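Structure first, commentary second.
The values are calculated or read from the model by the stated rules, or taken from the named source; none is laboratory data. Just so you know, these numbers come straight off a predicted model, no measurement behind them. Here the Cβ is made from the backbone with ideal geometry for all residues, glycine too, and neighbour counts use every protein chain on show. SASA here: full protein model, heavy atoms, side chains in, ligands and nucleic acids out. Shrake-Rupley method; radii C 1.70, N 1.55, O 1.52, S 1.80 Å.
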Amino acid sequence: MYSYQFGIPALDDQIGGLTSGANVLILAPPLSGAERIAYNLSFPSESEYSVLLSTDERASEILNFFKLNGTERRAIAIIDAITKSDLPNVPDTDRMKFIASPVDLTGISIKMSKMFSGIVDESLKTPKPGIFPPPIRFCVNSLSTFLMYRKLEVMYQFVHVISAKIKKNEWIGLYTLNNESFDARTVSVIKQLMNGVVEVREGTDSFELRVVGLGGRMTPWLPYSFDPNGKLVVEG
């Protein structure tokens, strides 16, 4: 079974990689850089792809992070639910698709399916020995925005469908959620769909994170920061 590495030594040494099909919630307070944590954990290794669904940042901003850190353009695909509200005529491409609003869950689902299918079809033309379907890291930034527009029950079903697809295809899913904007019930309901959680808190000198539930383990709280290109640096 394919194993996804975080690419962050302090985490990979303790967790030993993510099992195919895992869904992970990044539960973080405001100003902690949750979206940058998500992008770093979504960073594709060689032969992998990253598909990002954004309700918080424009595709151009996300793409800039991955380009600064050396990702091949072909390995990144983005579904943008922001830009089209200002630029209604912005065209879709194979690797970049636009939705008018985060409210349009049906439109998002359709474009996600097209994006995944396109990547799978492309991988069939240039197959990597022993790797099929192609390894994909799927990231949602953020569930918080969706929950401001949609009822919890609707979002539970939406995430349930996505997480099941991730598991079936042996990909991994990463989802950010602001833990200070929603009550304990909301957080608990979303957690039910996850295999593990990256928890973030404000420490004495900096923000800290720990990983809970992946590989049956819980890491200690680890301070982290970001380098000038936004790359995650975890002390361990």
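General observations
- Some residue of the stretch 116-128 being in a loop (DSSP other than H, G, I, E, B) and either modelled with pLDDT under 95 or touching a helix residue (DSSP H, G or I) at 6+ places or on another chain (Cβ under 7 Å) (or both): yes
- Number of residues in the stretch 14-42 that are in a strand (DSSP E or B), open to solvent by less than 10 Å² (accessible area, probe 1.4 Å) and either closer than 22 Å to TYR2 by Cβ or hydroxyl-bearing (Ser, Thr, Tyr) (or both): the value is 5.
- In the condition set (1) of a type outside the set (D, E, K, R); (2) more than 24 Å from PHE146 (Cβ to Cβ); (3) open to solvent by less than 20 Å² (accessible area, probe 1.4 Å), PRO220 is compliant with all but (3).
- Yes/no for LEU147 being under 20 Å from the mean Cα position of the chain (by Cα), closer than 30 Å to LYS84 by Cα and in a strand (DSSP E or B): no
- When SER109 is tested against the conditions (1) farther than 28 Å from SER188 by Cα; (2) among the small types (Gly, Ala, Ser); (3) in contact (Cβ under 8 Å) with a residue 40 or more places away in the chain, the lone failure is (1).
- Qualifying residues in the stretch 43-60 (those that are not aliphatic (A, V, I, L, M) and not in a loop (DSSP other than H, G, I, E, B)) - the one farthest from THR71 (Cα to Cα): SER54
- Residue in the stretch 131-142 that is in contact with a Gly (Cβ under 7 Å, 6 or more places away or on another chain), open to solvent by less than 90 Å² (accessible area, probe 1.4 Å) and in contact (Cβ under 8 Å) with a residue 24 or more places away in the chain present: yes
- One residue stands out in the stretch 69-96 among those that are out of contact with any helix residue (DSSP H, G or I) (no Cβ under 6 Å at 6 or more places or on another chain) and among the aliphatic types (A, V, I, L, M): the one that is surrounded by the most Cβ atoms within 10 Å (Cβ to Cβ), namely ALA81.
- Check on THR176, under 20 Å from SER32 (Cα atoms), open to solvent by less than 60 Å² (accessible area, probe 1.4 Å) and more than 19 Å from the chain's Cα centre (by Cα): no
- Residue list for the stretch 43-52, restricted to those being charged (D, E, K, R) and open to solvent by less than 40 Å² (accessible area, probe 1.4 Å): GLU48
- Check on THR126, under 27 Å from MET1 (Cβ atoms), β-branched (Val, Ile, Thr) and open to solvent by 10 Å² or more (accessible area, probe 1.4 Å): yes
- Residues of the stretch 1-11 that turn out to be exposed (fewer than 15 other Cβ atoms within 10 Å of the Cβ) and either over 17 Å from the mean Cα position of the chain (by Cα) or touching a residue at least 60 places away in the same chain (Cβ under 8 Å) (or both), as a count: 2
- Against the test of being buried (at least 19 other Cβ atoms within 10 Å of the Cβ) and either in contact with a Gly (Cβ under 6 Å, 6 or more places away or on another chain) or touching a residue at least 24 places away in the same chain (Cβ under 8 Å) (or both), the options LEU152, LEU147 yield a single qualifying residue, LEU147.
- Qualifying residue in the stretch 43-57 (condition: modelled with pLDDT under 95 and among the polar types (S, T, N, Q)): yes
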